[in-house]
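Where a number appears in this text, it was derived from the coordinates with a stated rule and is not lab data. Every value quoted in this text rests on a predicted model; they were computed, and no experiment measured them. For neighbour counting, all protein chains shown are included, and Cβ atoms are generated from backbone atoms with ideal geometry for every residue, glycine included.
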Amino acid sequence: MNFNDYKKKVAGCWAGKNAGGVLGAPFEGKRQMNRVEFYTQDLSMGPPPNDDLDLQIIWLAAAERYGRNVNAMILGEYWLSYVIPNWVEYGMGKANLRNGVLPPMSGYTNNAYRNSCGCFIRSEIWACLAPGHPDIAARYAYEDGIVDHAGEGVYGEVFCAAVQSAAFAEEEIPDLISIGLSYIPEGCAVARCVKAACSCYEEKLPFDEARKYVHQTAPGTFGIQNLTNAEIERLVRDEQLDIGEPGFDAPENIGFMILGWLYGEGDFGKSLCLAVNCGEDTDCTAATLGALLGILSGIDGIPDKWLEPINDKIVTLCINKTEGGIWIPDTVTELTHRVAAQMPAFLGSAYCKMEQDGDYTIYCKKGMELRADSCETYMENTNGGGKDQRLNVKELCLLSPFVVRYDFPAFWMAIDYLEEPYFEKGKKRRFRVTVVNGMEMHEQQWVSIRLYLPRDISCEGASCVRLPLNNLWGSKAEKEFELDLENYDGEKAELMVQVSLIGRHSRGSAEIIFFQK
């Protein structure tokens, strides 16, 4: 792919995102079949704010500073510093981070909305920074999602990022959907709703029936939050629309996005309107679909009637502008230039090469579906090192939300809390430390794992161990510790674990926090 075509697709992504968000905003949070055909707002003074788009400006700022090194820990710091909303999953994620609860537990703990829509709307930045490489885009989407979501919420963002990244190089809808599904657990609710939408289209179900079928596949609650109990009972009785668990909203809304995509049959405006007509989280479904269609067609493929009322403008709602440190673009054009400027360094010289004339050529991934035997390669051949021996994205999605990962120069470490980060006075509390050789070194290692404990907390058995670390692929050293907190009176227990490879200078430390129930 040449650089000019790439930039047109990026511009189409953000313009489509903007259009879909504006179109769907007036109908957000309503469980009803809409009959929308175009914008319903007065746009003579410009578009309204679009939180579906502006959150990603914060992630772009993080990527501009940290490049490929950006991860959930870094994104969490940006989330605390620059995200204004304190509602539902956004607010719970922030509350957890402020209390010292780290990703992925920050997205899971006490978060009833962890399966909601707030992170699949943030997938486009990773697709645009990793065009034609869904494995890379999906990996960063996972790091993004676990800041304030878990489970289906994260699966939704991983799916969308993989599809959107692949759309830079692939056009066929069935192939793109298959690519996206390969990155998430097969039996998850997001996958079931996507497959339900495809089945409806293949069987030529009327659109109204298809909408109901997708909803019933994994019922959500987004569209009933402003209804009375009597109105909810009527919906269940008369329209046979079941009520799901509070906050369980990402699966069906992604299903609605797929319905709009399929039944729209290549027509930009029709597709967005159909997604909005399904109801529920309409600005999210239409904005995400608009971005995908914009990638597929490029900015030149979006009809002028959808672009002219918005006039290229970006209006933000969720970014804290008082702290400084965030450069907010005023237009889609400006945002496109910034993303395009960052992409070559983010994607790496193996996949984006500068030609003699100063232009770039982007080499897209061959075989974009995630294979069952695939290992994670998102840093392979991009930093002068060997393979990065990690879990692939689907394996990360299946990882317990109580496992916190840390990267250090010579190894990576995982601390498994085994359950939510609480302890009960008088009871033992277990956790597990796993160390994996992070460099492709063909030599045997010994690893030291040492605990530093507060007064009145003791460890059953040794608090410092030395374990062999084999040089074979996937080898690890693992130790489960058990704490005795019987004499501890504090409401919060903070301890440190220090890990080092014997004979090497690099070492890593991590804080472990438990809260008294």
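Find how much the distance from Glu202 to Leu472 grows on full extension, using 0.36 nm per residue of separation minus their present alpha carbon separation; answer in nm with one decimal.
Extra length available between Glu202 and Leu472 comes to 92.5 nm.
Taking amide H positions as placed in the peptide plane 1.01 Å from N, state which residues far from Tyr363 in sequence (5 or more) or on other chains have amide H under 5 Å from it.
Cys352, Lys353
What percentages make up the Cα-Cα pair-distance distribution of the chain when the bins are 20 Å wide from 0?
All Cα pairs considered, the percentages come to 23, 53, 22, 2.
Round to the nearest 0.05 the FRET efficiency obtained for Asp359 and Asp175 when R0 = 25 Å and r is the Cβ-Cβ distance.
For R0 = 25 Å, the calculated efficiency reads 0.35.
Estimate the FRET efficiency between Asn320 and Glu64 by the formula 1/(1 + (r/R0)^6), using the beta-carbon distance for r and 22 Å for R0, to the nearest 0.05.
That gives a FRET efficiency of 0.80.
Counting pairs of alpha carbon atoms under 8 Å apart in space and at least six apart in sequence, what relative contact order in percent does the chain give?
Answer for the chain is 20 percent.
Given the Cα-Cα distance of Glu231 and Thr331 and 0.36 nm per residue of separation, how much length would full extension add, in nm? Let's see the in-between values first.
Details: separation 100, 0.36 × 100 = 36.00 nm, distance 4.13 nm.
In short, 31.9 nm is gained.
For region 135-230, state the semi-axes of the equivalent ellipsoid (square roots of 5 times the eigenvalues of the alpha-carbon gyration tensor), sorted largest first and rounded to whole angstrom.
Gyration-tensor ellipsoid for region 135-230: 25, 20, 10 Å.
To test your reading of the geometry: what angle, between 0 and 90 degrees and rounded to tens, separates the Cα axis of helix 250-264 from the longest principal axis of the chain?
40
Counting pairs of alpha carbon atoms under 8 Å apart in space and at least six apart in sequence, what relative contact order in percent does region 83-149 give?
41
At a temperature of 37 °C and a viscosity of 0.692 mPa s, determine how fast region 1-140 diffuses translationally according to Stokes-Einstein, using the Kirkwood radius over alpha-carbon pairs as Rh; express D in µm²/s, rounded to the nearest whole number.
So the translational diffusion coefficient is about 193 µm²/s.
Mind listing the phi-derived Karplus ³J(HN,Hα) values for region 220-232, rounded to whole Hz, using 6.51, -1.76 and 1.60 with θ = phi - 60°, and x for any glycine or proline?
x, 10, 4, x, 10, 5, 10, 9, 6, 4, 5, 5, 5
How big, in percent, is the set of alpha carbon pairs in region 75-213 lying more than 18 Å apart?
So the portion of pairs separated by more than 18 Å is 57 percent.
Within a 10 angstrom radius of the beta carbon, how do Glu77, Glu152, Glu203 rank from fewest other beta carbons to most?
Glu203, Glu77, Glu152
Roughly how compact is region 256-313, stated as its Cα Rg over 2.2 N^0.38 Å to two decimals?
1.05
For region 98-178, just the Cα set please: Rg and Dmax, both in angstrom.
That works out to 13.2, 46 Å for Rg and Dmax.
Asp456 versus Arg371, label points 7 Å from Cα toward the beta carbon: distance in nm?
About 5.6 nm separates the two model spin labels.
Could you calculate the FRET efficiency of Ile243 with Asn99 from 1/(1 + (r/R0)^6), where r is the beta carbon distance between them and R0 is 30 Å, rounded to 0.05?
After rounding to 0.05, the efficiency reads 0.45.
Stretch Ala341-Met33 to full length: gain in nm at 0.36 nm per residue minus the Cα-Cα span?
Stretched out fully, the Ala341 to Met33 stretch lengthens by 106.7 nm.
Cut-off is 10 Å between beta-carbons; in what order do Met496, Met413, Met45 appear when sorted fewest neighbours first?
Met45, Met496, Met413
Relative contact order for region 402-516: what percent, with Cα pairs under 8 Å and sequence separation of 6 or more?
Worked out over region 402-516, it gives 29 percent.
Taking the radius of gyration and the Kirkwood hydrodynamic radius from Cα positions alone, what is the Rg/Rh ratio for region 402-516, to two decimal places? Write out the running numbers ahead of the final one.
Working: Rg = 14.7 Å, Rh = 14.7 Å.
With Rg and the Kirkwood Rh in hand, the quotient comes to 1.00.
For every helix of n ≥ 4 consecutive DSSP H residues, a contribution of -39,500 (n - 2.57) applies; sum these over the chain, divide by its total residues, and give [θ] at 222 nm rounded to the nearest 500 deg cm²/dmol.
-12500 deg cm²/dmol
Provide Rg over Rh for region 12-59; use the alpha carbon set for both Rg and the Kirkwood Rh (inverse mean inverse pair distance).
The Rg/Rh ratio comes out at 0.99.
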